[in-house]
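Trainee: Okay, here's the structure, questions in a sec.
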Amino acid sequence: MTFSIVARDDTHGELGIAVAAGQPAIGALVPHGFSQVGVLASQGLPNPLYGTQGLAQLGSGVNAACTLERLLCADKARAERQLIVIDRFGRTAAWTGAGCEGYAGHLQADQVAIAGSFLAGRGVLQSMMNSWLKSQGKPLAKRLLLALLAGEHSGGDVRGVKSAALRVYGERRYPDVDVRVDWCDTPLVTLKAALKQVQAAPHAAYLRRLPAR
């Protein structure tokens, strides 16, 4: 149903998440995060409550692995869930339930976790990981977008991609970047265009005028 990536920029300490899916408004259900705390993606059959519950755990100092374990232990439908978590230090945890539809799986490496279900195959995840590793040194938002594009190019969601979202959390108490496309035949193209606009000089100057904390 969905492919996603959670990651940390170990140079600047930023946290980010990007997600794409064949269903509408995926950005309303799957991505969750808070600055200097962590981010997580709840997918497969999403449990949106993982957002508030998981961020509360991460915010209290619980690491990614223990946060994931606690969320799943309290969820009777965990076999239908897919979950990836990264904490503020870049530690990751991942789960793919046996009941997730189609090809489903996840990959983890230092500072990054990737997951997907209803995929064209494992190559989708591997292409995303390869993109992430090869793009080292680029801004986090760019790396996340490139990973989604690589996943789509490798087959992505077998139903096609119709919605997408991308967020980056820095030092502000709200996302530095928060763009989403809720329904479109080419959501990643539109997401890329939106990202270009929010990173352009006029919008950057506008953001600098806003309270940060």
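Trainee: Please list 3J(HN,Hα) in residue order for the stretch 55-70, calculated via the Karplus relation 6.51 cos²θ - 1.76 cosθ + 1.60 where θ = phi - 60°; whole Hz, with x for glycine and proline.
Mentor: The phi angles translate into 5, 5, 5, 4, x, 8, x, 6, 6, 4, 5, 5, 4, 4, 4, 5 Hz.
Trainee: Now for a separate question. Working out 0.36 nm times the residue gap between ALA98 and ARG172, then minus their Cα-Cα distance, what length gain in nm do you get to one decimal?
Mentor: Numbers: separation 74, 0.36 × 74 = 26.64 nm, distance 3.77 nm.
Here the segment from ALA98 to ARG172 would lengthen by 22.9 nm.
Trainee: Calculated FRET efficiency, LEU49 and GLN23, Cβ-Cβ r, R0 22 Å, to nearest 0.05?
Mentor: Working: r = 19 Å, r/R0 = 0.86.
Rounded to the nearest 0.05, the efficiency is 0.70.
Trainee: Can you work out D for the stretch 2-208 in µm² s⁻¹ from Stokes-Einstein, where Rh is the Kirkwood radius over C-alpha pairs, the temperature is 20 °C and the viscosity is 1.002 mPa s?
Mentor: Values: Rh = 16.4 Å.
Estimated via Stokes-Einstein, D reaches 130 µm²/s.
Trainee: Now for a separate question. Using Cα pairs closer than 8 Å and at least 6 residues apart in sequence, work out the relative contact order for the stretch 96-141, in percent. Provide the component values of the computation, followed by the final result.
Mentor: Working: 46 pairs, mean separation 13.5, N = 46.
Reported relative contact order: 29 percent.
Trainee: Separate question: Taking θ as phi - 60°, what are the ³J(HN,Hα) couplings along the stretch 124-134 by the Karplus curve (6.51, -1.76, 1.60), each to the nearest whole Hz, with x for Gly and Pro?
Mentor: 4, 5, 5, 5, 5, 5, 4, 4, 4, 5, 6
Trainee: A follow-up question, please. Taking the Cα centre of the stretch 77-213 as origin, work out the dipole magnitude from +1 charges on Lys and Arg Cβ and -1 charges on Asp and Glu Cβ, in debye rounded to 20.
Mentor: Numbers: 20 positive and 11 negative charges, 115 e Å.
Using Cβ point charges on Lys, Arg, Asp and Glu, the stretch 77-213 gives about 560 debye.
Trainee: Where the centre of each part is set by its Cα atoms, how far does the stretch 1-61 sit from the stretch 122-180, in angstrom?
Mentor: A separation of 12 Å, based on Cα centres.
Trainee: Follow-up. Decide, for the stretch 85-213, between rounded, prolate and oblate: order the square roots of the alpha carbon gyration tensor eigenvalues as a ≥ b ≥ c, take rounded if a/c falls under 1.5, and otherwise choose prolate if a/b is larger than b/c, else oblate.
Mentor: Values: a/c = 2.03, a/b = 1.48, b/c = 1.37.
It is prolate, given that a/c is not under 1.5 and a/b is the larger ratio.
Trainee: Which whole-number percent gives the relative contact order of the chain, counting Cα pairs below 8 Å spaced six or more residues apart?
Mentor: On the way: 526 pairs, mean separation 52.2, N = 213.
Worked out over the chain, it gives 25 percent.
Trainee: I've got another one for you. I need the calculated FRET efficiency for the pair CYS73 and ALA200, taking r as the beta carbon distance and R₀ as 35 Å, to the nearest 0.05.
Mentor: The formula returns an efficiency of 0.20 here.
Trainee: Quick check on the stretch 164-213: what are the equivalent-ellipsoid semi-axes from the Cα gyration tensor, as sqrt(5λ), descending, whole Å?
Mentor: Values: eigenvalues 103, 32, 9 Å².
For the stretch 164-213, the semi-axes come out at 23, 13, 7 Å.
Trainee: What is the extension gain from TRP183 to ALA65, computed as 0.36 nm multiplied by their sequence separation minus the C-alpha to C-alpha distance, in nm to one decimal? Write out the running numbers ahead of the final one.
Mentor: Working: separation 118, 0.36 × 118 = 42.48 nm, distance 3.31 nm.
Taking 0.36 nm per residue and subtracting the Cα distance, the gain is 39.2 nm.
Trainee: Taking the simple approach of a point 7 Å from Cα along Cα-to-Cβ for both THR11 and ALA193, what is their distance in nm?
Mentor: Placing both labels 7 Å beyond Cα along the Cβ direction yields 3.0 nm.
Trainee: Which of ALA79, ALA18, ALA164 ends up with the largest GNM mean-square fluctuation for the chain, with Cα atoms connected below 10 Å?
Mentor: Fluctuation is largest for ALA79.
Trainee: Shifting gears a bit: Once phi is turned into ³J(HN,Hα) by the Karplus curve 6.51 cos²θ - 1.76 cosθ + 1.60 with θ = phi - 60°, what whole-Hz value does each residue of the stretch 189-197 show in order, with x for glycine and proline?
Mentor: 5, 5, 4, 4, 5, 5, 4, 4, 5
FYI, it's all coordinate maths here, none of it is from the lab. The structure presented is a predicted model; accordingly, all values stated were derived computationally and were not measured. Neighbour counts run over all protein chains shown; Cβ positions are idealised from the backbone, glycine included.
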